[in-house]
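Chemist: This structure is in structure tokens; I'll ask about it shortly.
The values are calculated or read from the model by the stated rules, or taken from the named source; none is laboratory data. Given the structure is predicted, the values throughout are model-derived calculations rather than measurements. In this analysis, Cβ positions are derived from the backbone assuming ideal geometry, glycine residues included, and neighbour counts consider all displayed protein chains. Areas reflect the complete protein model, heavy atoms only, side chains present, ligands, DNA and RNA absent. Shrake-Rupley method; radii C 1.70, N 1.55, O 1.52, S 1.80 Å.
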Amino acid sequence: MNQDFSLEERIISVLKSISDPEISVDIYELGLIYDVQVVGKDKVKIVMTLTTPNCPVAESLPLEVKEKVKSIQGIKKVDVVLTFDPPWSREFMSEEARLELGLL
């Protein structure tokens, strides 16, 4: 990937490549990513949620996020924190995601 992009932009690009399996929208536009923190040069902390606490991908999705972000050159450690506070709602979705799902 182009080195002109900041690390945070590259992380967001990777997050946008991960789709929610039930809703064919990426997890970033869906509003499942609450926070992306770059700590130092090589550590990342991602705070995310799921559409529901009993989401069928509750085990695999955070792991996929961790693995894909960790694959970015230069990142050595990725912490993915799963939270349900605040609970996810449609308001967290980007306009693009709402448009794609016919909610606008």
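Chemist: Residue under question is residue 14, and the condition is that it be open to solvent by less than 20 Å² (accessible area, probe 1.4 Å) and assigned to a helix (DSSP H, G or I); does it hold? Even if it seems obvious, please write down each step before you answer.
Modeler: Details: open to solvent by less than 20 Å² (accessible area, probe 1.4 Å): no; assigned to a helix (DSSP H, G or I): yes.
So residue 14 does not fit the description; no.
Chemist: Give the residue that is nearest to the chain's Cα centre (by Cα), with candidates limited to residues of the stretch 53-73 that are of a type in the set (D, E, K, R) and open to solvent by 100 Å² or more (accessible area, probe 1.4 Å).
Modeler: Restricting attention to the stretch 53-73, the residues satisfying the condition of being of a type in the set (D, E, K, R) are 59, 64, 66-68, 70.
Within this subset, residues satisfying the condition of being open to solvent by 100 Å² or more (accessible area, probe 1.4 Å) are 59, 67.
Details: 59: 14, 67: 12 Å.
Within the stretch 53-73, the match that is nearest to the chain's Cα centre (by Cα) is 67.
Chemist: Continuing with the same structure: Which of the residues that make up the stretch 19-30 are crowded, with 19+ Cβ neighbours inside 10 Å and closer than 14 Å to residue 65 by Cβ?
Modeler: Within the stretch 19-30, 26, 27, 28, 30 qualify.
Chemist: Mind listing just one residue for me: the one in the stretch 32-46 that is open to solvent by less than 30 Å² (accessible area, probe 1.4 Å) and more than 8 Å from the chain's Cα centre (by Cα) and, of those, nearest to residue 85 (Cα to Cα)?
Modeler: Step by step, filter the stretch 32-46, then rank; the result is 36.
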